[in-house]
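Report on one structure; see the data block that follows.
The values are calculated or read from the model by the stated rules, or taken from the named source; none is laboratory data. Just so it is clear, the structure is predicted and the values come from calculations on it, not from any experiment. Backbone-built Cβ (ideal geometry, glycine too); neighbour counts: all protein chains shown. For accessibility, only protein heavy atoms count, side chains too; no ligands or nucleic acids. Shrake-Rupley method; radii C 1.70, N 1.55, O 1.52, S 1.80 Å.
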Amino acid sequence: MTHREIAGRPAQPLVLPIFARLAPALPPELIAARIEAATAPDDAVVDLFGRGGWVARTALALGRRAVSIETSPLTRLLADVVVRAPDLRHLDAAFQAVAAAPLGTTSLRAWIDEQFATPCPTCGRTLALEELVWEPDARGALRPTRRSFRCPACLDRRGRGGELRHAAPGDADVELAPAPERDPVAREEIARRFPLADEEDGLVGQLLDLHSPRQLGALQAILARVEGELRASQVTSALRLALLHAILPASRLNGYPGRASSLRIVDGRVRPPGAPGWRERNPWRAFEEGYRLVRAFVQALDDGPYGAVQARLVEPLDGVLDGPPMVSLRVGPGDALARLAAEAEALAPAQRDRVRLVLSQPLPEWTPARLSEAFALTAWVLGSEAARLLPFAALLGPDARPPSRSAALRAGLEAVAPAMAPDGGAVVL
């Protein structure tokens, strides 16, 4: 397969919304052209600042081996799916297993829908809210003003069932609406995922207060089922990506009226959303929407411009160069560069001759908006150990700054240099 064949395939939406903001990837035809110009089949390509495994996937599609040192735990999560796309049948079965997981006397999905139950004004059947709109009253207090729902069991006035409909909230909706008191169990479980103390009115509390109590309970229940079952790592990674795309849409950042606000943390405080009201989304509906995004993404991987790849995951550098096609995925912050340098020094001369190209983009700039979103979402879906790998100190005070991009590039090149072939090269795009 040549880069012309890759570039000539029909364009596919090989992008997930969050990563289009946090770590936009290079065009596949540009990656393929660089790889073919500088390497031969079975050579190894190193990406020092991976943005989701795209360089590694293209290298594997062209018959090379790959090492991808990912820029953050979230791009490492994406790379697990990009490099080893899960079977859609297994992915669908895992999603259905999460929905049907027992919770109390019912299933997870049914339990969440009970928290958002509402009567259909046409047929009287009990449905699940899609969202409940909250707006300030004359005194500035938020109150529910509109509910959105679908009723597939009855016909609306246009003669079609199942469409999104709107109505004023009734007494039952007000009773089920979030109470002022917090859900201690869900809050404690989620707060432990952040590498900060959950102090009163602290940053963690402010992040959790972006969700209503019933939203927190539902999201925590989904997360527990995603993490609680043994399944292939790329299937679990895909489910985490689906939840990743549900957390902020199911929060007070989903404003009303107007567009959703972006998450901003300044001096250890969450900047309040700009909209006066908000849409309290049903978290299961947000998770379903995230799953549809991820499923379409996975389906497009094998049919898209990168083509299908088959490779085994291995950690040590010498393991990448031996046996069948291999790929190594790591997370750059922490000791990844030190381990890479040590493994490079231990390579035999014949192995070094096959590491011929470092192909990368610069480290993505950690703007306040990017870092705020990455910190919150990493803690939510991957936990405190992963969140500690981010330079989140820059969010806590005016004196802290993210690491220098030039210093990071220099350190990466110095770490990989002992592994390079004498006529190898580095290209930073």
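Being more than 18 Å from the chain's Cα centre (by Cα) and open to solvent by 10 Å² or more (accessible area, probe 1.4 Å): is that true of L248 here?
No: the conditions fail for L248.
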- Task: Kindly indicate which of L48, L127 is in contact with a Cys (Cβ under 7 Å, 6 or more places away or on another chain) and not in a helix (DSSP H, G or I).
- Result: L127
- Message: So, E345, is that one under 30 Å from N254 (Cα atoms) and of a type in the set (D, E) or not?
- Response: no
- How about segment 303-349: which of its residues are in a loop (DSSP other than H, G, I, E, B), out of contact with any strand residue (DSSP E or B) (no Cβ under 6 Å at 6 or more places or on another chain) and of a type in the set (A, V, I, L, M)? A308, V309, A346, L347, A348
- Taking segment 65-102 as the region of interest, how many residues are within 10 Å of V327 (Cβ to Cβ) and crowded, with 24+ Cβ neighbours inside 10 Å? 6
- Item | Yes/no for A417 being aliphatic (A, V, I, L, M), in contact with a helix residue (DSSP H, G or I) (Cβ under 8 Å, 6 or more places away or on another chain) and closer than 30 Å to A33 by Cβ | yes
- Note on the structure: Inside segment 55-101, the number of residues satisfying the requirement of being assigned to a helix (DSSP H, G or I) and of a type in the set (G, A, S) is 9
- Query: If you go through segment 280-291 one residue at a time, do you hit one that is without any contact (Cβ under 8 Å) to a residue 60 or more places away in the chain and either among the hydrophobic types (A, V, I, L, M, F, W, C) or open to solvent by less than 20 Å² (accessible area, probe 1.4 Å) (or both)?
  - Reply: yes
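So, in segment 343-375, how many residues would count as being among the small types (G, A, S) and either farther than 27 Å from A40 by Cβ or surrounded by 17 or more Cβ atoms within 10 Å (Cβ to Cβ) (or both)?
5
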- Does segment 383-406 hold any residues that are over 19 Å from P73 (Cα atoms) and surrounded by 15 or more Cβ atoms within 10 Å (Cβ to Cβ), and which are they? L396
- Examine segment 358-365 for a residue that is at pLDDT below 90 and of a type in the set (A, V, I, L, M, F, W, C), and state whether such a residue exists. yes
- Task: Under 7 Å between Cβ atoms, at least 6 apart or on separate chains: pull out the pairs that start in segment 197-226 with a residue that is of a type in the set (K, R) and end on any residue that is in a helix (DSSP H, G or I).
- Result: R214/Q115; R225/V98; R225/L108
- Looking at segment 23-45, which of its residues are open to solvent by 20 Å² or more (accessible area, probe 1.4 Å), in a loop (DSSP other than H, G, I, E, B) and not charged (D, E, K, R)? P24, A25, L26, P27, A40, P41
- Message: Tell me the residue from A407, A417, A421 that is modelled with pLDDT under 90 and out of contact with any Pro (no Cβ under 9 Å at 6 or more places or on another chain), please.
- Response: A407
- Where residues in segment 386-429 are touching a Gly at 6+ places or on another chain (Cβ under 8 Å), among the hydrophobic types (A, V, I, L, M, F, W, C) and assigned to a loop (DSSP other than H, G, I, E, B), which of them is nearest to A197 (Cα to Cα)? L396
- Note on the structure: Of the residues in segment 329-339 that are within 18 Å of P362 (Cα to Cα) and among the aliphatic types (A, V, I, L, M), the one that is surrounded by the fewest Cβ atoms within 10 Å (Cβ to Cβ) is A336
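Would segment 421-428 turn up any residue that is small (G, A, S) and open to solvent by less than 20 Å² (accessible area, probe 1.4 Å)?
So far as segment 421-428 goes, yes, one or more of its residues are small (G, A, S) and open to solvent by less than 20 Å² (accessible area, probe 1.4 Å).
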- Query: So A172 fits all but one of (1) farther than 24 Å from P273 by Cα; (2) at pLDDT 90 or above; (3) not polar (S, T, N, Q); what number is the exception?
  - Reply: (2)
